[in-house]
Amino acid sequence: MDAGLARDLYFRMLRIRTVEEKIAELYPEQQMRCPVHLSVGQEAVAVGVCAALASEDYAFSTHRSHAHYLAKGGNLKAMLGELYGRVTGCCQGKGGSMHLVDRSVGFLGAVPIVGSTIPIGVGAAFGTLLRKERRVTIVFLGDGATEEGVFHEAVNFAVLKRLPVVFVCENNFFSVYSSLDVRQPSTREIYELVRGYGLESLQGDGNDVEAVYGLTKAAAEKARAGRGPTFLEFKTYRWREHCGPHYDNHVGYRSEQEFEEWKARCPVARLKQRLLQRGLVAQQDLDGVEATLTDEIEAAVAFAKASPFPDPQLLGAHLYAP
Amino acid sequence: MTRDLRFFQAIHEATDLCMARDPSVYLMGLHVPADPKGIFGTVSGLQQKYGSDRVMDMPTSENGMTGVAIGSALVGMRPIMVHQRIEFALLAVEQIINQAANWHYMFGGKDAMPLVIRMMIGRGWGQGPQHSQSLQAMFAHVPGLKVVMPVTPYDAKGLLIAAIEDNNPVIYLEHRWLHNIFGPVPEGHYTVPIGKARTARPGRDVTIVATSYMVLESLRAADLLARDGIEAEVVDVRSLRPLDTAHILGSVQKTGRVLAVDGAWRSLGFAAEVLALVAERTYGTLKAAPQRVTFPDLPSPSTPALAQHFYPRTVHIVNGVRTMLGLQEVTEAQLGIQHETPLDVPDKAFTGPF
C-alpha cells in the first residue's frame, strides 16, 4: 500500500475515533436527545470499505452509522446538528443519530431496524443496473442482520440478478447484549453460510484497515465490471455499550479480559504503529494532525450547539414528497 | 374517445400507458409475467411488450422485494409491485410501514419514494380467512402512505396513473369482485386526483359513505330506498388516505345523517373513523345517530353457508338507513331482491377457482 493512502486511512480512522470519543464525552450533558450507537473500536471496517469506493458509489447503513457516514464523506456538522436535533442536521432534526443521510456523497440512508436496509441497498443496486449506471452499492450490516429473513431474501436476489453490490458484515459478536454463540451455531462461520447462495464470500480481519481496504477494492472492482455481488465478513469489536456513551463490561454479558484482548488490537493504534515503523510518518506530523482534528470537531460541536431547533411548522412538513 | 372497459382492462391500460410514457416505470410481482391468466388480465402481454427487465417475476420474498422496490425508487425508478392477495403483502409490512412510509419524512424530505403496491382483496368461493381480508384501515392508519380504493373502471385507470406518477408510496387496493365490472373509460392519459372523494349519487336525506365494492351495494340500496321516497347520497371515498374530509362533511351537513359502509371489520376501522369525524365536526346538526354497516369482528369463514351471513349486502344498508329514519326494517323478500347468482361469487359468469 502506498504511503499516501496508508496515511489517509489512518487520519480518517483517527477522525472518526475522535468524533466518537467527543460524542461520548458530551452525551451526558443531555443535549443530544437521541440514542447513539458508537463505533469506537470498529473504525477500520468503515474506513477501509469507504476508501475503496468512489464518491458516486452508494452506501446504506444501520443504527451504528456514524463511522460509515463520516467514512463515506458525510458532513460532520450536519451529523452533529442531527444528533443535537437541530434544523442544520442532515435530516433537519427528524432522524437523529440513527437516520443519517448525505446524497451528495452517495450515503443514501441508515435505519435502526436490523436488516432493513439490506434489500433497499440491493434495490438501489438493481436500480443502477436498470439505469445502466456503473455504480457500486455497499450494504453495511451486522452479524445479527444475517439472522433476519430479509437478509437471505436480498442476497438471493442479488445473486440471481448479478447485482453490483457488496455486502459488508461487521461481525462484532453482539446483537445488543446477546452474543453470537446464543444466536448462531458456533461450528459455522457467517461467510461460509452465505457462500451457499452462490456468491464469493470472504472473511477478513476487521481491525486491519489495510486488509479491509484490499478486500473491498477487489469486490468493488468486480461489481463494477458486471461480475456480481460479494459478501465480506469482518470480525471486529464494539468497545462501548450497544447504545450510549459508556463502557459496560461490568453488566456481565462479556468479560473484561475479552474486552482488553480486543482493545489491544485497536485498529487506529495498529496502523499508527505500522506507519511509524515503516517511516511513513513522523511523530510530529501526527501531533499536528491531531490538533487540527480537535479544532475541526470543536468547531462542528459549536456549530451544532449554536444551530436553531426546527421551527414547529416543520412538524407537518415532509409528510409527502411533492 | 370514451368506451366501456372492464375494471381489469382499465388497470392494464393505465399500466401500459405509464410504461410507454416513462422508462423508469417497471412492474414486478410473484407470477406477474408467468400467470397464464395475467393476474386477472391486468398485466397480460406486458412482458412481451416491455421485456423481462421491466415486467418481472420475483422470488417468493415479499419483504425483501419490497425493499428492492424501495431502493430502486430511491435511485430513480418507479416500481409497481403486485400482490395477488393482500395477505401476501403482510409479509412486507416491515418494509412498507417502517421504511417506505417513513423515508421521506425521517430523512427531512431529502428523498422521494415513488412506489405503487397493488394489493387484491379476495372474497367468496371459499377463500377463507387468509385470502379475503380487507386491511385498508391497517394501511390507511399509517402517515406517509397513500391508500386508494377505486370502484369504477374510470377511477381504476385514473387513480392508477396518478399513483404511478405520485412521488410517494401508494397502496392501490383492488377488490376481486370489481375486476369484471364495466364502465366508461377515456382513451389516453388522464388522472383522478388522490385524496378526492366522489359523489356517486346525489341525495338529500342521508349520506352513505362507502369504500370499494361496498359503493356498488350502497348504490343498489339507494335505488331501493328511492322507491320509498328516501333520497340517499352515496359518497365514494376513493382515497382513504389522504381522506377528503371536506367532501364527507359537506354531504353530511346537507343531509344530517350518515351511514358508513365499509367492507372490513367494524371495530377501529374505516367506518369507525368516518363516524368519529362526523361526530367531532357536525355534532349538534345531526338528525340521527350515525350508523355503520361492516363485517362482524370475526375472521371470514370459508364455507358459503357461513360466508353469506358474514358479508353485509344491500339489504343491510337499506335497513341501516331505515333505522336512522325511524322506519321498520325490511327483508330481502319485501325488497324484492332475488339472488340469481350465489352469494359467494361476484357474477353469473364466475365459476372459480378464484
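Quick note: the coordinates plus some simple rules give every number you see, no bench work behind them. Since the structure is predicted, the reported quantities are computational estimates derived from the model, not experimental observations. Glycine gets a Cβ as well: all are built from the backbone with ideal geometry, and neighbour counts include every protein chain shown.
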Relative packing of peptides A:192-200, A:244-252 - highest average C-beta neighbours within 10 Å first | A:192-200, A:244-252
For segment A:4-76, just run the numbers: alpha carbon Rg, then divide by 2.2 N^0.38 Å, N being how many residues it has.
-> 1.13
Can you give the net charge of the other residues whose Cβ lies under 11 Å from the Cβ of B:Arg201, counting K and R as +1 and D and E as -1?
-> -2
Alpha carbon centroid spacing (whole Å) that separates segment A:260-322 from segment A:132-171 | 27
Net charge of Cβ neighbours under 15 Å - reference B:Lys49; Lys, Arg +1; Asp, Glu -1 = -2
Which of the peptides A:9-18, A:120-129, B:213-222 is most tightly packed, and how do the rest follow, going by the mean number of other Cβ atoms within 10 Å of each residue?
-> A:120-129, B:213-222, A:9-18
Computed from every Cα-Cα pair in segment A:1-139, P(r) in 10 Å bins starting at 0 and rounded to whole percents is 13, 42, 33, 11, 1
For the residue pair B:Thr60 and A:Ala218, what label-to-label distance in nm results when each label sits 7 Å from Cα along the Cα-to-beta-carbon direction?
-> 3.7
By the C-alpha gyration tensor axes a ≥ b ≥ c (rounded if a/c is under 1.5, else prolate when a/b exceeds b/c, else oblate), the shape of segment A:189-318 is rounded
Amide H neighbours of A:Tyr58 under 5 Å, counting only residues 5+ apart in sequence or on other chains, H built in-plane at 1.01 Å?
-> A:Val136, A:Thr137, A:Ile138
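Output the relative contact order of chain B, whole-number percent, from Cα pairs under 8 angstrom with separation of 6+ residues.
Values: 746 pairs, mean separation 56.1, N = 354.
Once divided by the residue count of chain B, the mean separation gives 16 percent.
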Listed residues A:Pro119, A:Pro312, A:Pro28; largest mean-square fluctuation, Gaussian network over chain A with Cα springs below 10 Å, found at A:Pro312
By average C-beta atoms within 10 angstrom, highest first, the peptides B:84-91, A:162-169 | A:162-169, B:84-91
What do you get for Rg/Rh of segment A:121-218 when both radii come from the Cα atoms and Rh is the Kirkwood radius?
-> 0.98
Just the Cα atoms of segment A:163-253: what Rg and Dmax do they give in Å?
-> 15.3, 48
Rel. contact order, % - alpha carbon contacts under 8 angstrom, at least six apart, segment A:197-322 | 19
C-alpha center-to-center spacing [segment B:1-75, segment B:155-211] in angstrom | 19
Once you charge only the Cβ atoms, +1 for Lys and Arg and -1 for Asp and Glu, what is the size of the charge dipole of segment A:20-151 about its Cα centre, to the nearest 20 debye?
-> 540
At q = 0.17 Å⁻¹, what log₁₀ I(q)/I(0) does a Debye calculation on the Cα points of segment B:104-199 give, no solvent, two decimals?
-> -0.82
Counting Lys and Arg as +1 and Asp and Glu as -1, each charge on the Cβ, what is the dipole of the protein assembly as shown about the Cα centre in debye, to the nearest 20?
-> 1200
Would you mind checking the radius of gyration and Dmax of the protein assembly as shown based on alpha-carbon positions, in Å?
-> 28.8, 100
Hey, what do the phi angles of segment B:233-248 turn into as Karplus ³J(HN,Hα) couplings, whole Hz, using 6.51/-1.76/1.60 and θ = phi - 60°, x for Gly and Pro?
-> 8, 9, 9, 8, 5, 6, 10, 7, 8, x, 9, 7, 5, 4, 5, 4
Per 5 Å bin, what is the whole-percent P(r) computed from every C-alpha pair distance within segment B:5-124?
-> 2, 11, 21, 24, 20, 13, 6, 2, 0
Where is the GNM fluctuation largest for chain A (alpha-carbon springs, 10 angstrom cutoff): A:Ala54, A:Ala282, A:Ala304?
-> A:Ala282
In order over segment A:212-224: 3J(HN,Hα) from phi, Karplus 6.51/-1.76/1.60, θ = phi - 60°, whole Hz, x for each Gly or Pro, gives 4, 4, x, 5, 5, 4, 5, 5, 5, 5, 4, 4, 5
Determine, at each q value in 0.12, 0.17, 0.27 (inverse angstroms), the log₁₀ of I(q)/I(0) that the Debye formula gives when each Cα of segment A:211-268 is one equal point scatterer.
-> -0.48, -0.70, -1.09
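Are any of the pairs A:Lys132/B:Lys157; A:Lys94/A:Lys263; A:Lys222/B:Lys49; A:Lys161/B:Lys49 more than 28 Å apart by Cα-Cα distance, and if so, which? Spell out each step's value before the answer.
Details: A:Lys132/B:Lys157 30 Å; A:Lys94/A:Lys263 35 Å; A:Lys222/B:Lys49 32 Å; A:Lys161/B:Lys49 21 Å.
Where the Cα-Cα span goes over 28 Å, the pairs concerned are A:Lys132/B:Lys157; A:Lys94/A:Lys263; A:Lys222/B:Lys49.
Using only C-alpha atoms and all pairs of different ones, pull out the Kirkwood radius for segment B:279-354 in Å with one decimal.
After inverting the mean inverse Cα-Cα distance, the result is 15.1 Å.
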P(r) of chain B over all Cα-Cα pairs, binned every 20 Å from zero, in whole percent = 31, 58, 12, 0
Where does segment B:1-46 land on Rg(C-alpha)/(2.2 N^0.38 Å)?
-> 1.19
For B:Lys287, which aspartates and glutamates qualify as cross-link partners when the Cα separation must be under 17 Å and same-chain residues fewer than eight apart are set aside?
-> B:Asp205, B:Glu231, B:Glu233
Exercise: per-residue mean of other protein chain Cβ atoms within 10 Å, B:73-80 = 6
Rg to Rh, two decimals, where segment A:81-144 supplies the alpha carbon set and Rh follows Kirkwood | 1.04
Averaged over A:124-137, how many beta carbons belonging to a partner chain fall within 10 Å of each residue's beta carbon?
-> 5
Positive-end residue of B:Gly269, A:Val281, B:Met214, charge dipole of the protein assembly as shown with Cβ unit charges | B:Met214
Each residue of segment B:111-121 in order: what ³J(HN,Hα) in whole Hz does its phi give by Karplus 6.51 cos²θ - 1.76 cosθ + 1.60, θ = phi - 60°, with x for Gly and Pro?
-> 10, 9, 9, x, 9, 10, 10, 8, 10, 10, 9
Residue among B:Thr351, B:Gly326, B:Asn168 farthest towards the positive dipole end of chain B, charges placed on Cβ = B:Gly326
Once the other residues with Cβ under 10 Å from the Cβ of A:Leu80 are scored (Lys, Arg +1; Asp, Glu -1), what is the net sum?
-> +3
So, relative contact order of segment A:28-169 in percent, Cα under 8 Å, 6 or more apart, is 23
Report the charge-dipole magnitude of segment A:144-276 in Debye, nearest 20, computed about the Cα centre from +1 at each Lys and Arg Cβ and -1 at each Asp and Glu Cβ.
-> 600
